[in-house]
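**Student:** Before we start, here is the structure in question, set down as structure tokens.
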Amino acid sequence: MNLPQDLKFALRSLSQHPAFTATAVLSLALGIGANTAIFTLTNQVLLRLLPVKDPQRLVSFTWTGQFIGGSTRGFEDSFSYPMYADLRTSSAAFTGVAAQFQSIVDVADRGPAQRATAELVSGNYFDVLGVTAAIGRTLAPADDQLAGGEPYVVLSYDYWQKRFGGSPSAWNRAIDINGHPMTVVGVAERGFQGLETLSPADVFVPLAMKTIVTPTWDDMHRRNSIWLKIFARLKPGIGYAAAQSSLAVPFRAALENDLAAVGRDRKFSERYVKNQLRLQSASKGFGNMREFFSKPLYVLLAMVGTLLLIACVNVANLFITRAAGRQKEIAIRLALGSTRASLIRLMMAESVLVAAAGGALGLMLSDWIAALLVSLLPFDNISVAIRTSPDLRMLAFTAALSLLTALTAGFAPAFEATRPTLAPSLKNESRAASLGLGQTRLRRVLVCGQVALSFLLLAAAGLFARSLYKVMTVNSGIETAHLLAFSIDPSLHNYTPERARRLFLDLRSGLARLPGVQAAGAVSFAVLTNNVWQNTMHIEGYRPSSGEDMNPGYNEMLPGFLSTVGVRSIAGRDFNECDSAGSPPVVIVNETFQKRFFPHQSPLGHRIGWGESGPADMQIVGVVKDMKYGDLKEQPRPWTFTPVLQNPKPGAATFYIRTALNPLAVAQAARQVLQRLDGSVPVYDLKTLDTQIGETHFLDRILAWLSVAFGFLATLLASIGLYGITAFSVARRTQEIGIRMALGAARGNVLRLVVREVLLLAAGGLILGVPIALAFGKLIESQLFQMKAADPLVIAAAVAAVLLVSALAACLPAHRATRIDPMQALRWE
């Protein structure tokens, strides 16, 4: 019999047993669908190369060593613009050296302004990447020559489709970016979204126009402001080591230029010039989000792989059960001359068909699961950054996974089923035929493995769920209930500093007067959004030790912010409206700042200054309790607050409104207050603080939810396996149970006999599963908050859950066993 005939026979055989087929296909579909969905995200986030020419030839610049001090918007992957200027023509190892920086802008086109992501790029950006235009042209080096005088912009293809409907009329059209007209000279080729893989760019603007994109800070000439990312394309035949060596001398010269411009003492200078420039692959773009997502995605891949293995074991058990009823058919085929290999091939054809159907259904499920997971990610344009529609790599993965499941689920049952005892099978002695010791042993081993793997997923679910509970119940130092937040940025709408300060004060006063509002305040950088800023500082009279971190966290406040969010003052005072431009500079510090720098005295009245030297002109006027700033997991660290009103170039501000009842009830009224003051300034990120916290810790929530879902599915599949082997065992022991009952065995004894057998299988699985779960827990420990992998409460709960589910799985077969009629059992064959 050839393969097409085997497949035809297998299809007909499966169609005659729809319940078996549906159960097997659905089991595999769940496993394959979950695996394909997680692989889709892994492929998009971790494996996808940039859609540019020869991405493998792209390298990014990084550095290690001493930070020069000053302003940072990035760290070891960022550089000052003057250093980029020093390096861009200093090596013959590259065809070009380019740079970029992302920022948020307001874009207006014949209507209200909308927020968009802008990528500031050097003039050779598109040339180095090898990216062309869909219409018009891309930016050229000539577009990046005159500061503030190159008002050109290139749209991304997706933004062109979304904002302009893909109309060719967008070409050569003037649009307003932050209130300044700029001409659209082209649209980038389809698929290219910039270098920040999870933050797709909407518009590309020349670096020469930086003051338009970031109106509150320039830093194009500051050597101690690092913010720019640098990348290059290797020339053919040049490797990483050779290119890196070619940069050693120019990088040393650039470091010396930094020291000449900034000025540092001899010891610092000796350390600074030892900094090292490194090259790493930029084939997948920039962004630390890949590192952020990599471990959680690998953990999820391990979990869904385990789930699929449990599904394969379940299907293998189903095939063993099915094979037990086909012993006479198999014996007849062997007696008529069929080879064992041909029978194995015939039975494998069934498993291949089941796996193929499961793969097809799983592929449909994966699209839905992946889209759901992407919708949970709190990033702008995330649906543009991560595509969940099937591609060739995804289809190849699903096909390979389906084939692997067919082999895993089908070979062992087929191998064991083709070794029947011919004489009893041909005599139709079904009891004897179904008593095959090998099949029974194999089923027990498989069920024990299922229990072990399901325990592994249950333990992981418990760890992630408990970790999430600990995160969400940690004391943040903020009274998060009944707080509404929203942000505005008048600096993007040609506001002068004085006008922006007046808008902030008027808006705070208007919000505070709204019915139901108890207090209102604002900060420059929203809290609990993973948006943490820091500044290098020095303290009058304080001599830091060698290598001491003098970069406390930094934020700016309007008067009343601390009382609005419920942060208690320890000493001194809050800011007031007199702390404005032209008044003596003041600063408030937190409790950890006081404990570290003033452990035996009050910091009030002492002065600090920005940078490592210079005048310490800011007087400490207050000390407040610690609060969480970036996220709920962070450890206490020194923090400084300065008045927004003293900022010479105030930028964005996030307002917080404390209400008596539901904070969303005042959202529309808050918008109207701003509209009455200036309807051209848009509101963005309007949400409750509780919602913001959930978004900040979205990864903890997703890991907890998915692990609980996978643990539930794994336990369900394991319970089906336990039920199946128990029902099979009761059926083949019908005569034995009948004899026991005829000899006086009570129903309770029969019940205990059946349940004990199941619990012994569960115990065997637990003996195997507990050490595996502890080992896996060590791998995921870095993803947990204030927890160890060997958490006794989680382990005990998972053990109890497995034993409870096992007992429940045994109840129905055990109940049937107690109702066996001894007379009928004695005649059973």
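**Student:** Provide Trp705, Trp533, Trp227, Trp368 ordered by accessible surface of protein heavy atoms (probe 1.4 Å), highest first.
**Tutor:** Largest accessible area first, the residues go Trp368, Trp705, Trp533, Trp227.
**Student:** Multiply the residue gap between Trp217 and Gln675 by 0.36 nm, knock off their C-alpha separation, and tell me the result in nm, one decimal place.
**Tutor:** 162.2 nm
**Student:** Once you put a point 7 Å from the Cα of Leu716 and another 7 Å from the Cα of Tyr684, both along the Cβ direction, what distance in nm separates them?
**Tutor:** It is 4.1 nm.
**Student:** If you don't mind, another one. Relative contact order, percent, of region 606-661 when contacts are C-alpha pairs under 8 Å separated by at least 6 residues?
**Tutor:** Relative contact order for region 606-661 comes out at 17 percent.
**Student:** Which angle between 0 and 90 degrees, to the nearest 10, do you get for helix 792-818 versus the longest principal axis of the chain when only C-alpha atoms count?
**Tutor:** Roughly 30 degrees, rounded to the nearest 10.
**Student:** Also, quick follow-up: I'd like the Kirkwood hydrodynamic radius of region 554-597, using the inverse of the mean 1/r over distinct C-alpha pairs, in Å.
**Tutor:** Taking the inverse mean of 1/r over all distinct Cα pairs, region 554-597 comes out at 11.8 Å.
**Student:** To continue, here is another question. Taking each pair of distinct Cα atoms in region 599-716 once, what is the resulting Kirkwood hydrodynamic radius in Å?
**Tutor:** By the Kirkwood definition, the hydrodynamic radius is 19.4 Å.
**Student:** Here's something else I'd like to know. How high is the relative contact order of the chain? Use alpha-carbon pairs under 8 Å, at least six apart in sequence, and give a whole percent.
**Tutor:** 16 percent
**Student:** Mind checking the dipole of region 143-278: about its Cα centre, +1 per Lys or Arg Cβ, -1 per Asp or Glu Cβ, Debye to the nearest 20?
**Tutor:** 600 debye
**Student:** In terms of modelled amide H atoms, which long-range or inter-chain residues lie less than 5 Å from the amide H of Asn590?
**Tutor:** Under 5 Å from the amide H of Asn590: Val624, Trp639.
**Student:** Taking only the alpha-carbon atoms of region 129-288, what semi-axes of the equivalent ellipsoid follow from 5 times the gyration tensor eigenvalues under a square root, in whole Å, largest first?
**Tutor:** 35, 21, 13
**Student:** Output needed for region 536-666: three equivalent-ellipsoid semi-axes, defined as square roots of 5 times the C-alpha gyration tensor eigenvalues, in descending order, whole Å.
**Tutor:** 26, 18, 14
**Student:** Listed highest first by mean packing, meaning other Cβ atoms within 10 Å per residue, what order do 236-247, 557-568, 276-287 come in?
**Tutor:** 557-568, 276-287, 236-247
**Student:** Which FRET efficiency value, to the nearest 0.05, do you get for Thr89 and Phe411 by plugging their Cβ-Cβ distance into 1/(1 + (r/R0)^6) with R0 = 56 Å?
**Tutor:** It comes out at approximately 0.35.
**Student:** Would you mind calculating the gained length between Ser245 and Asp549 on full extension (0.36 nm times residue separation, minus the Cα-Cα distance), in nm to one decimal?
**Tutor:** Once the chain is fully extended between Ser245 and Asp549, it gains 106.3 nm.
**Student:** While we're on this one: To the nearest 20 Debye, how big is the dipole of the chain about its Cα centre, given +1 on the beta carbon of each Lys and Arg and -1 on that of each Asp and Glu?
**Tutor:** With only Lys, Arg, Asp and Glu charged at Cβ, the dipole is about 3220 debye.
**Student:** Given the -39500 (n - 2.57) contribution per DSSP H run of 4+ residues, what per-residue ellipticity at 222 nm results for the chain, rounded to the nearest 500 deg cm²/dmol?
**Tutor:** -16000 deg cm²/dmol
**Student:** Taking all pairs of distinct Cα atoms, average 1/r, flip it, and tell me the Kirkwood hydrodynamic radius of region 1-90 in Å to one decimal place.
**Tutor:** Taking every pair of different Cα atoms in region 1-90, averaging 1/r and inverting gives 19.7 Å.
**Student:** So for each of 482-493, 759-770 I average, over its residues, the number of other beta carbons within 10 Å; can you give me the resulting order with the highest mean first?
**Tutor:** Peptide ranking by packing, descending: 482-493, 759-770.
**Student:** Enumerate by residue number the trypsin sites (Lys or Arg not before Pro) in region 458-540 meeting two conditions: DSSP loop (anything except H, G, I, E, B), and at most 16 other Cβ atoms within 10 Å of the site's Cβ.
**Tutor:** Of the trypsin sites (Lys or Arg not before Pro), the ones in loops of region 458-540 whose Cβ has at most 16 other Cβ atoms within 10 Å are Arg513.
**Student:** Enumerate the amide H contacts of Gly611 below 5 Å, restricted to partners 5 or more residues apart or on another chain; note that Pro and chain-start residues carry no placed amide H.
**Tutor:** Residues meeting the criterion, in which the H sits 1.01 Å from N, are Thr536, Met537, His538.
**Student:** Also, quick follow-up: In sequence order, what are the phi-derived ³J(HN,Hα) couplings for region 671-682 according to the Karplus relation 6.51 cos²θ - 1.76 cosθ + 1.60 with θ = phi - 60°, rounded to whole Hz, with x for glycine and proline?
**Tutor:** Ordered by residue, 3J(HN,Hα) equals 4, 5, 4, 5, 4, 5, 7, 6, x, 7, 8, x Hz.
**Student:** Let me ask something else. Angle check, please: helix 392-417 long axis (alpha carbons) against the longest principal axis of the chain (alpha carbons), in degrees 0 to 90, nearest 10.
**Tutor:** Orientation of helix 392-417: about 30 degrees from the principal axis.
**Student:** Then there's this: How do the peptides 372-380, 650-658 rank, highest first, by the average count of neighbouring beta carbon atoms within 10 Å per residue?
**Tutor:** Ranked by mean Cβ neighbours within 10 Å, highest first: 650-658, 372-380.
**Student:** With 19 Å as the cut-off, how large is the P(r) tail for region 224-307, expressed as percent of Cα-Cα pairs?
**Tutor:** 61 percent
**Student:** With the cut-off at 32 Å, tell me which of the pairs Lys267/Lys633; Lys210/Lys295; Lys53/Lys628; Lys210/Lys687; Lys235/Lys274 have Cα atoms farther apart than that.
**Tutor:** The pairs that break the limit, which is 32 Å between Cα atoms, are Lys267/Lys633; Lys210/Lys295; Lys53/Lys628.
**Student:** Same structure, new question: Report the relative contact order of region 484-600, percent, no decimals, based on alpha-carbon pairs under 8 angstrom and at least 6 residues apart.
**Tutor:** Relative contact order comes out at 19 percent.
**Student:** Okay, next question. Considering only protein heavy atoms, with the full assembly of protein chains and a 1.4 angstrom probe, order Ile104, Ile230 by accessible area, largest first.
**Tutor:** Ranking Ile104, Ile230 by accessible area, largest first, yields Ile104, Ile230.
**Student:** What distance in nm separates the two pseudo spin-label positions at Phe268 and Asp506, each 7 Å out from Cα along the beta-carbon direction?
**Tutor:** Computed distance between label sites Phe268 and Asp506 equals 4.3 nm.
**Student:** On the full set of protein chains, 1.4 Å probe, figure out the accessible area of Met364 and give it in Å² to the nearest 10.
**Tutor:** Here the accessible area works out near 130 Å².
**Student:** With angles folded into 0 to 90 degrees, how steeply does helix 747-780 sit against the dominant principal axis of the chain? Use alpha carbons for both and round to 10.
**Tutor:** With rounding to tens, the tilt is 30 degrees.
**Student:** Another question, then. Quick one: the Cα spread of the chain along its three principal axes, in angstroms, biggest first?
**Tutor:** Here the Cα extents, ordered largest to smallest, are 104, 61, 56 Å.
**Student:** Rank Val474, Gly724, Pro250 by how far each Cα sits towards the positive end of the charge dipole of the chain (+1 on Lys, Arg Cβ; -1 on Asp, Glu Cβ) and give me just the farthest.
**Tutor:** Looking along the dipole axis, the top candidate is Gly724.
**Student:** At a Förster radius of 35 Å, what calculated FRET efficiency corresponds to the Cβ-Cβ distance of Val474 and Ala581, to the nearest 0.05?
**Tutor:** So the FRET efficiency works out to roughly 0.40.
**Student:** Name the residue from Pro51, Leu155, Ile104 whose Cα lies farthest towards the positive end of the charge dipole of the chain, charges +1 on Cβ of Lys and Arg and -1 on Cβ of Asp and Glu.
**Tutor:** Pro51
The values are calculated or read from the model by the stated rules, or taken from the named source; none is laboratory data. Treat the numbers as computed from the prediction; the structure is a model and nothing was measured. No Cβ is skipped: glycine too gets one built from the backbone with ideal geometry, and neighbour counts run over all protein chains shown. Ligands, DNA and RNA are stripped out before the accessible areas are found, and what is left, the full protein with its side chains, is counted by its heavy atoms. Shrake-Rupley method; radii C 1.70, N 1.55, O 1.52, S 1.80 Å.
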